[in-house]
1. Looking at segment 450-502, which of its residues are on the phi < 0 side of the Ramachandran plot and in contact with a strand residue (DSSP E or B) (Cβ under 6 Å, 6 or more places away or on another chain)?
2. When you go through (1) open to solvent by 50 Å² or more (accessible area, probe 1.4 Å); (2) in contact with a Gly (Cβ under 9 Å, 6 or more places away or on another chain); (3) more than 25 Å from residue 456 (Cα to Cα) one by one for residue 325, which number turns out not to apply?
3. In segment 217-238, what residues are over 12 Å from the mean Cα position of the chain (by Cα) and assigned to a helix (DSSP H, G or I)?
4. Would you check if residue 173 is in contact (Cβ under 8 Å) with a residue 60 or more places away in the chain and either touching a strand residue (DSSP E or B) at 6+ places or on another chain (Cβ under 9 Å) or of a type outside the set (Ser, Thr, Tyr) (or both)?
5. Consider segment 366-389. How many of its residues are open to solvent by less than 10 Å² (accessible area, probe 1.4 Å) and either part of a loop (DSSP other than H, G, I, E, B) or closer than 12 Å to residue 447 by Cβ (or both)?
6. Look at residue 124 and say whether it is in contact with an Asp or Glu (Cβ under 9 Å, 6 or more places away or on another chain), among the basic types (Lys, Arg) and farther than 22 Å from residue 491 by Cα.
7. Residue 281 is checked against (1) open to solvent by 10 Å² or more (accessible area, probe 1.4 Å); (2) in contact with an Asp or Glu (Cβ under 9 Å, 6 or more places away or on another chain) and fails just one. What number does that condition carry?
Amino acid sequence: MHYLQKAIRSIAGQTAIIALFFWLYHILVVYIMRETGLDLGALNYSRHFIPLYAEPQLDLSWWIFPALLICIGFLYLCYKYILLNSISPRHLIGIAVVCFLAINISVAQIDGFREIGTEDEPKRILALLEPYTRPSLEYYADVPRIDELGLRTFLRDFSKPELFETLSGHTRTHPPGGVVFLWIVSRIFGHNLVSASLVSVLFTAIVVVPFYKLAVRLYDEKVALYALLLFLITPNFVMFTTTSMDGPFSVFPILSLYLFYEARERETSPDVALGTLRPYSLLTGVSLAFGMFMTYSTVVIGVFLCVIALLERKRFVQYLKVLAFAATGFIGFYLLLFVLTGFQPIDALWAAIKKDEAGMGTGFESIDRFFHLSFANLFAFLIGVGIPITVVWLRQLVSTFKAWKQNSASPELKENQTRAPWIFNPEKSDTFVIGFLITLLYFTFSTLFTMEVERIWIFMVPFFVIPVAKYLTTRARSDLYWVGGMLVVQLIISEVLLYTYW
């Protein structure tokens, strides 16, 4: 009994329990969808592994060996060298970029080759290139429209029906940034599948820099080291950054987080005068604007920043100044874009909302659909980010609230708690964790997203991985190895058993 209790309390044991819970949830939802006709957006119970937008499909070939060698080699590198030696941040980031590219490309290529074209003219291409070959869906197919119309005309007329209705499915549910990005790539490297795919993953590799710096700014270098190593093997980030535009889309939201916390550290001091230039605040707004130009999901980061300002009430006035400068940078970007091209961001957003609702619904059609969509979104993302990471994140969440409860007994808070029990001491509480939990719950139950969030929300990965790393730094290093090993197992199994479209 003692050994059983110890196994259940271990990270591996709890990972197995959560995995079983998700499996039972899958069976239950498939039954409900089959018997009641429940609509979960693009998901089809007879085809997809609910709640993931993925089809069960075995892809097992010799291509698995490069991925296994690279992933196991990465774990060995961490165990034997990186975690045992003091490596400068510059060298660490360089190693991380190389590992990022090697892991992502090798895992994407587990599926080997794909057959495209017609029966008369079949064509075999590398699996990592396949997503860009679907002209009815992908931004890649709309690149020639910019060559045909010119960039200025394309942006000016983007939301007009005569152009909008001729574009691919994803272009019509997103801002034009994805097409513009691939168009810029085509101007440099030509309009071809190889350059589009490789430049996408190369550009995404930049994200390791703001990710690492964000973790250092929030906590310390040890936490940042652990976080970076886990980030490189986080299942959904690895699986989707090489084969979809959600990789490039994630760069600016994560950069915005880092810039905000730099502004928080440097520009919220009471000594900073009101009229003082706040470069990090301005850059936060500009980065958010670039992110919003590529994906409307960037709104999650904007809401999170506002939540942090509300939670850390003692610095609320300073935060308002930071947010005001960020808003200036954000609005300035779109004003400049409008002046230069005539792009109408509000019209483009409205057109995208209408297009998405036409295909997916609003999520409010019934109370049943509202709750099923909300929980399915949450569970899909928790599975995608990695079940071991989910387990440790929940542990860190509990630890954070315990610390809040223990440290909220100051005389000042005792005086206020009878009026507002929700108030806590920001100096003693981890607002990064608490603020994200609030933001996550809001968007989970907002129905602004209709499934596929294991891919769409990959820019949220730092909110999970960094607190997980913080928790693991307080534990024996063997826990880090367990989590890393289980993440690699989930990553490889997921790629072998599931066809994820991207």
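1. If we filter segment 450-502 for residues that are on the phi < 0 side of the Ramachandran plot, which is where we start, we get 450, 453-500, 502.
Selection gives 499 alone.
2. (1)
3. Our first condition is that a residue be over 12 Å from the mean Cα position of the chain (by Cα); within segment 217-238, this holds for 217-230, 232-233.
Matches in segment 217-238: 217, 218, 221, 222, 223, 224, 225, 226, 227, 228, 229, 230.
4. Details: in contact (Cβ under 8 Å) with a residue 60 or more places away in the chain: yes; either touching a strand residue (DSSP E or B) at 6+ places or on another chain (Cβ under 9 Å) or of a type outside the set (Ser, Thr, Tyr) (or both): no.
Answer is no for this residue.
5. Residues in segment 366-389 being open to solvent by less than 10 Å² (accessible area, probe 1.4 Å) and either part of a loop (DSSP other than H, G, I, E, B) or closer than 12 Å to residue 447 by Cβ (or both): 5 in total.
6. On the way: in contact with an Asp or Glu (Cβ under 9 Å, 6 or more places away or on another chain): yes; among the basic types (Lys, Arg): yes; farther than 22 Å from residue 491 by Cα: yes.
Yes.
7. (1)
One line per residue, one yes/no per condition, for (1) among the charged types (D, E, K, R); (2) out of contact with any Pro (no Cβ under 6 Å at 6 or more places or on another chain); (3) not in a helix (DSSP H, G or I):
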position: 81; (1), (2), (3): no, yes, no
position: 85; (1), (2), (3): no, yes, yes
position: 99; (1), (2), (3): no, yes, no
position: 102; (1), (2), (3): no, yes, no
position: 105; (1), (2), (3): no, yes, no
position: 110; (1), (2), (3): no, yes, no
position: 114; (1), (2), (3): yes, yes, yes
position: 136; (1), (2), (3): no, yes, yes
position: 147; (1), (2), (3): yes, yes, no
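The values are calculated or read from the model by the stated rules, or taken from the named source; none is laboratory data. Small disclaimer: the values here were computed from a predicted structure and weren't measured. Cβ coordinates were reconstructed from backbone atoms using ideal geometry, including for glycine residues, and neighbour counts include every protein chain displayed. When the accessible area is computed, the model is the full protein with side chains, heavy atoms only, and any ligands, DNA or RNA have been set aside. Shrake-Rupley method; radii C 1.70, N 1.55, O 1.52, S 1.80 Å.
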